[in-house]
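J.: Below you'll find the structure I mean.
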Amino acid sequence: MINYIIRRLLLLIPVFIGVSILAFALLRLIPGDPAKSMLGNKATEAQLQSLRAELKLNDPLPVQYASYMKDVIKGDLGKSIKSHDSVIKEISTRLPATIELSLFALIIAIVIGVLAGIISAAKRSSWFDHLSMTGALFGVSMPIFWLGLMMIWLFSVTLHWLPPSGRLSVGTHLQTITNFYLVDSILTGNWFAFKDSLAHILMPGFALGTIPMAIIARMTRSSMLEVLNQDFIRTANAKGLAKYLVIFKHALKNAFLPVLTVIGFQFGFLLGGAVLTETIFSWPGVGRYVYQSILSRDYPVVQSTILIIAVMFVLINLITDILYKYFDPRIRYD
Amino acid sequence: MKRKSYVVFSMLIISLLFVIVGCGGGDAANQDNGNNTAAGDSSANKGSSDSSSDKTIIFGRGADSVQLDPSKVTDGESIYVTNQIYDTLVRYKQENTEVQPALATDWKTSDDGKVWTFHLKKDVKFHDGTDFNADAVVYNFKRWTTSADFVYYGYMFGASKDNMKGIIQNVEATDDDTVKFTLSEPNAPFLQTLAMPPFGIASPTAVKKYGDDYFKNPVGTGPFVFDSWDKDDKIVLHKNKDYFGQVADADQVIFRVIPDNGARFMELQAGTINMMDGMNPEDMQKVKDDNNLQIVNRPSMNVGYMAMNTSKKGPMANTKVRQAINMAIDKKKLMTLYQGIGQEAKNPMPPSLWGYNDEIKDYSYNVDQAKKLLAEAGYGKGFTMNLYTMTNPRPYMPQPKLTAEAIQQMLKDVNIKVNIVENDWDTHLTKTEEGAHDAALMGWTGDNGDPDNFLYVLLDKDNAKKGSAGNIAFYKNDQVHKLLKKAQITMDQGTRTDIYKQVQEIIHDDAPWVPIAYTTPPMAISKTISGYVPHATGSEPFNYIKFK
């Protein structure tokens, strides 16, 4: 097992190199000039040239790539062209915001999705099954921006139940440690801020969680149905085990493997795909930041953030693989 | 086995509880938000120097500031904030682009227009407690000549690699409260330029103290003091109680980033912000129907236009063709795409500027006349041209793609086939400055409220250089050049007005552009505040805003 983990971690190296080359090359294939986008159309040619020289944009691409990677290996992810701040500082508040939102969305998606899937499978063709599967169909096809705007309109503008956007209300103060606001407010014992940030994360969390929730529900249902038809379940039923025990203890564990795969994948997508949710709910996360950075050709920011997300994606997959072993002890990694 | 499945099950239960608690928490927190004061004061208000109050201006906008050092930025979102923190030597009047004293109480210029002497206000302090004086002014101007990063300095004063000072040869403090500028050539717009927010005077002590991080720790003399900046989220300022000008009524100003126009408007409706810009046109009616909201239009300081590339061999080089295109475009129809915020343009500068020539008669929409002119030019059978356009809306062109398509339809009537080439903004700028286009949609927002800033920047041959052109029509007219240069060294505003009017006439006849529209961007604000006068230059200090 340890060997396996080490092997997988070593695999990170080629992934790292591959992703960095891809990100580097793709960015430079997009027409546009970082110097121009930074100085705007007010800059003189002399200013543009001196900035290009300062950013070493005139060097041949392989030279640029080599010097970038040298810095990355030293732990220096570069400086944002636009803000002059280091990329690490820039994403130190934004990445936790995105991870917090994605985790929250995923928890909602798993809890509701798995439960709905199980009940639908157990009570196949019941009204609940039809309702939840129709709901799931809507869920996967729901445009997030529309759903998000409707939620704000209903819960904030009309009902005044929830704050429309952001991470904290104006006037709520929170001493940040990890930049995960829910965690920070617990660490500092600031319950007001905890409630406030929880109120803020609910709508974007649900909006972002809708699609994974629907996918998880459908996957759980079909996987459960397959397992419920197997002999050992019939045996369990025949020997008179309580139905919930049969379902949760015997069936769910065997049906969970494909669901776990989907969850692992979805988390990766959530991390990279929160752009729309972050935009609608003014969530100061990394998705929106990368999107803006692509538009302004902020090369170092985009390259480094893609690298970080790629590494996280690989790690999440590794964790998923390790979890497989828990759900199916027959799996061997040696 | 048994133990493990309990783990899974209890995890599910815990997660479920979490969600239930979450819903409860949402209700509780919301009692604070529900009472419509934009800033709910919190009991858990720890470790903060200020407390929020009812007198908080919360301004919702689409994007965050880039840097809070105005000398290094060109984006309006940065300037909007720094305009609250810094003062310039002179400021624009509230209602127009004429200048009035600010950090300087009075000034005089030598007869040859090369030496400007400013007397400074006494007893003014920076927000960090240090003294504002002539040395501070000199320090700032010297600082701006040290790097090409100081974009506006280089751009407004003509700095180059070999001459980082541009036209300002020397700045000296003749005594504690007097600064003398010596220019290499007379520059008529100089005073107007000094009123621009990028030339806000920063505390030399703070600049030295923070070094590379100064842009995150701005210190000026302005009506509001910087508190904090959460990137992509909010910037918080508080009132400068010792401000030398009008002390603000608002205790706090918060700039919040709310990227989506629709969501931002809903925040305004919900009362969590009290001012916003960047409204969707379809929301205008909702503001009118809402008793708590009002619309304020910003006076126009821009022009949206279609530039025709006169340097390209072929039809576009022909004046008659360009005039014909002017006649073939129905501006009245194009105005429908502006949804009530556009005014038909006939000159390359907006009517809010002095020197605007209102006697010019615009080309009237006339397809037959256009066809006749095209035939005279030898293009009776028509031709094919490309039209470059940007994908994203600009202040002077809210729907660039639809505008391009409408023009495509209109020109079809005179047998001109238009191929639309769409690019994102940066690419669009690069391509058009290189001259890749036959025609291109473009626009300009003025900087200092001087006609020179439109006519010289956009239509003088000095600025028609490929690769960095402001003049993307690549229009080169020697007479225009001579007149514009003369206006730059004439100090008398009356004479300059005459020159600019004449220039507008020549440009009208040569028709390098189809001027399309001047826009008056709408802002929606809550009726709880009054005294807000949006300025044509795009931003204004908030110290005049009153709470009811």
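The values are calculated or read from the model by the stated rules, or taken from the named source; none is laboratory data. Keep in mind the model is a prediction, meaning the values are calculated, not measured. Positions of Cβ are backbone-derived with ideal geometry, glycine not excepted, and every protein chain shown enters the neighbour counts. In case anyone asks, the SASA skips ligands and DNA or RNA and just uses the protein heavy atoms, side chains included. Shrake-Rupley method; radii C 1.70, N 1.55, O 1.52, S 1.80 Å.
J.: Which order do the peptides B:444-451, A:145-152, B:507-514 come out in when sorted by mean C-beta neighbours inside 10 angstrom, highest first? Display every interim value, and only then the final one.
T.: Working: B:444-451: 23.6, A:145-152: 18.9, B:507-514: 21.5.
Descending packing order for the listed peptides: B:444-451, B:507-514, A:145-152.
J.: Continuing with this model, one more query. Can you pull the mean other chain C-beta count within 10 Å for peptide A:289-296?
T.: So the per-residue partner count for this stretch is 2.
J.: Can you give me the distance in nm between label points at residue B:478 and residue B:285, each placed 7 Å from the Cα along the Cα-to-Cβ direction?
T.: The answer from the label model is 5.7 nm.
J.: Please give, to one decimal in nm, the separation of the simple spin-label points placed at residue B:361 and residue A:226, each 7 Å out from Cα toward the Cβ.
T.: About 8.1 nm, to one decimal.
J.: I'd like to check one number: the per residue accessible area of the stretch A:2-73, probe 1.4 Å, reported in Å² as a whole number. Walk me through the numbers before you get to the answer.
T.: Details: 3980 Å² over 72 residues.
Ligands and nucleic acids excluded, the figure is 55 Å² per residue.
J.: For the stretch B:112-239, with every protein chain kept in place, what is the accessible area per residue (1.4 Å probe, Å²)? Mind dumping the intermediate values first?
T.: Working: 4650 Å² over 128 residues.
Spelled out: the 1.4 Å probe surface of the stretch B:112-239, per residue, equals 36 Å².
J.: Tell me, what is the per residue accessible area of the stretch A:95-327 in Å², probe radius 1.4 Å?
T.: 39 Å²
J.: Taking 0.36 nm per residue of separation and subtracting the Cα-Cα distance, what length does fully extending residue B:96 through residue B:336 add?
T.: 83.6 nm
J.: May I ask you to derive the relative contact order of the stretch A:61-151, considering only C-alpha pairs under 8 Å and at least 6 residues apart, and to give it as an integer percent? Walk me through the numbers before you get to the answer.
T.: Values: 27 pairs, mean separation 8.8, N = 91.
Result for the stretch A:61-151 is 10 percent.
J.: Would you compute, for the Cα atoms of the stretch B:302-519, the largest minus smallest coordinate along each principal axis and list the three values in descending order, in whole Å?
T.: Largest to smallest, the principal-axis extents are 49, 37, 34 Å.
J.: By accessible area of protein heavy atoms, probe 1.4 Å, what ranking do A:221, A:332 get, highest first?
T.: My answer, sorted largest first, is A:332, A:221.
J.: Turning to a different aspect of this structure: Considering only the other residues whose Cβ falls under 13 Å of the Cβ of residue A:133, what net charge follows from Lys and Arg at +1 and Asp and Glu at -1?
T.: Charge balance near residue A:133 sits at +3.
J.: To the nearest 0.05, what FRET efficiency results for residue B:383 and residue A:58 with a Förster distance of 56 Å applied to their C-beta separation?
T.: 0.90
J.: Rounded to the nearest 10 Å², what accessible area does residue A:158 show when all protein chains are kept and the probe is 1.4 Å?
T.: In the full protein context, residue A:158 sits at about 70 Å².
J.: Given a cut-off of 27 Å, name the pairs among A:36/B:412; B:93/B:461; B:332/B:465; B:165/B:482; A:56/B:165 whose C-alpha atoms lie farther apart than that in the structure shown.
T.: From A:36/B:412; B:93/B:461; B:332/B:465; B:165/B:482; A:56/B:165, over 27 Å: A:36/B:412; B:93/B:461; B:332/B:465.
J.: If you count only protein heavy atoms and use a 1.4 Å probe, how large is the accessible surface of residue A:324, to the nearest 10 Å²?
T.: That residue has around 40 Å² of solvent-accessible surface.
J.: Continuing with this model, one more query. Taking every pair of alpha-carbon atoms in chain A, what share in percent sits in each 20 Å bin, from 0 to the bin with the longest distance?
T.: 25, 50, 22, 3, 0
J.: Another question about this same structure. What FRET efficiency comes out for residue A:177 versus residue B:489 if R0 is 60 angstrom and r is the Cβ-Cβ distance? Round to the nearest 0.05.
T.: Computed FRET efficiency for residue A:177 and residue B:489 comes out at 0.50.
J.: Would you please calculate the Kirkwood hydrodynamic radius of the protein assembly as shown over all C-alpha pairs and express it in Å, rounded to one decimal?
T.: One decimal place: 30.2 Å for the Kirkwood radius.
J.: Right, something else. In this model, which of B:209/B:485; B:55/B:142; B:209/B:234 are farther than 30 Å apart at the alpha-carbon? Walk me through the numbers before you get to the answer.
T.: Working: B:209/B:485 42 Å; B:55/B:142 39 Å; B:209/B:234 24 Å.
Beyond 30 Å between Cα atoms: B:209/B:485; B:55/B:142.
J.: Looking at the stretch A:95-327, how many pairs of lysines come closer than 30 Å at the Cα, when each pair is eight or more places apart or spans two chains?
T.: 12
J.: Another question, then. When the accessible area of the protein assembly as shown is split by element with a 1.4 Å probe, what percent falls to carbon and sulfur?
T.: Reported share for carbon and sulfur atoms: 57 percent.
J.: Based on DSSP H assignment, which helices of chain A show an axial Cα extent of at least 24 Å together with a mean Kyte-Doolittle hydropathy greater than or equal to 1.0?
T.: The answer, listed by residue number, is A:2-29, A:87-122, A:252-272, A:299-327.
J.: While we're looking at this one, here's another question. Quick check: net charge around residue B:338, other residues with Cβ under 13 Å of its Cβ, Lys/Arg +1 and Asp/Glu -1?
T.: Charge balance in the 13 Å sphere: +3.
J.: To continue, here is another question. Solvent-accessible area of residue B:358, probe 1.4 Å, all protein chains present, reported in Å² to the nearest ten, please.
T.: We get 100 Å² for residue B:358.
J.: Something else: Working out 0.36 nm times the residue gap between residue B:421 and residue B:123, then minus their Cα-Cα distance, what length gain in nm do you get to one decimal?
T.: 101.6 nm
J.: Taking each residue in A:153-163, count the Cβ atoms of any other chain within 10 Å of its Cβ, then average. What number comes out?
T.: Per residue, the number of nearby Cβ atoms from other chains is 6 on average.
J.: Over all residues in A:80-87, what is the mean tally of Cβ atoms on other chains that come within 10 Å of each residue's Cβ?
T.: That average works out to 4.
J.: Return the loop-located trypsin sites (Lys or Arg not before Pro) in the stretch B:105-151 (DSSP other than H, G, I, E, B) with at most 16 other Cβ atoms within 10 Å of their own Cβ; answer none if there are none. Each step should come with its number before you reach the end.
T.: On the way: sites: B:108, B:114, B:121, B:122, B:125, B:142, B:143; in loops: B:114, B:121, B:122.
Within the stretch B:105-151, the qualifying trypsin sites (Lys or Arg not before Pro) (loop, at most 16 other Cβ atoms within 10 Å) are B:122.
J.: Take the alpha-carbon positions of the stretch B:343-428, form their convex hull, and give its projected area averaged over all directions (one quarter of the hull surface) in nm².
T.: Across all orientations, the stretch B:343-428 yields a mean hull projection of 7.2 nm².
J.: Volume per residue, Å³, of the convex hull around the alpha-carbon atoms of the stretch A:24-96?
T.: Considering the Cα atoms of the stretch A:24-96, their hull volume per residue is 113 Å³.
J.: Still on this structure: Which residues of the stretch B:142-156 show a drop of at least 20 Å² in accessible area when all protein chains are present, compared with their chain alone (probe radius 1.4 Å, heavy atoms only, ligands and nucleic acids excluded)?
T.: B:148, B:149, B:151, B:155
J.: Going through the stretch B:489-528, which trypsin sites (Lys or Arg not before Pro) have at most 13 other Cβ atoms within 10 Å and a DSSP loop state?
T.: B:527
J.: Output the antiparallel fraction of DSSP beta bridges having both residues in the stretch B:302-519, as a percent to the nearest 5.
T.: Details: 15 of 25 bridges.
If we restrict to bridges inside the stretch B:302-519, about 60 percent are antiparallel.
J.: Where in the stretch A:231-252 does accessible area fall by at least 30 Å² between the isolated chain and the complete protein assembly, at a 1.4 Å probe radius?
T.: A:248, A:249
J.: Using amide H atoms built in the peptide plane, which far-off residues or other-chain residues are under 5 Å from residue B:470 H to H?
T.: Under 5 Å from the amide H of residue B:470 lie the amide H atoms of B:465, each far enough along the sequence or on another chain.
J.: How much accessible area is lost when chains A and B come together, counting both sides, with a 1.4 Å probe, in Å² rounded to the nearest 100? It would help to have the intermediate numbers written out before the result.
T.: On the way: alone 18060 and 24540 Å², together 36240 Å².
So the buried area, both faces added, is about 6400 Å².
J.: Let me ask you something else. Could you work out the relative contact order of chain A? I mean the mean sequence separation of Cα pairs under 8 Å and 6+ apart, divided by the number of residues, in percent.
T.: 28 percent
J.: Compute the accessible area of each residue in the stretch B:413-453 twice, once for its chain alone and once with every protein chain present, using a 1.4 Å probe on heavy atoms, and list those whose area falls by at least 20 Å².
T.: B:424, B:426, B:427, B:429, B:430, B:433, B:444
J.: Which percent, to the nearest 5, of DSSP beta bridges fully inside the protein assembly as shown are antiparallel?
T.: Antiparallel: roughly 75 percent of the beta bridges in the protein assembly as shown.
J.: Also, I was wondering about something else. If amide hydrogens are placed 1.01 Å from N in the peptide plane, which non-local residues have theirs closer than 5 Å to the one on residue B:225?
T.: B:238, B:239, B:240
J.: What is the mean projected area of the alpha carbon convex hull for chain B, to one decimal in square nanometres?
T.: Average of the hull's projected areas for chain B equals 32.1 nm².
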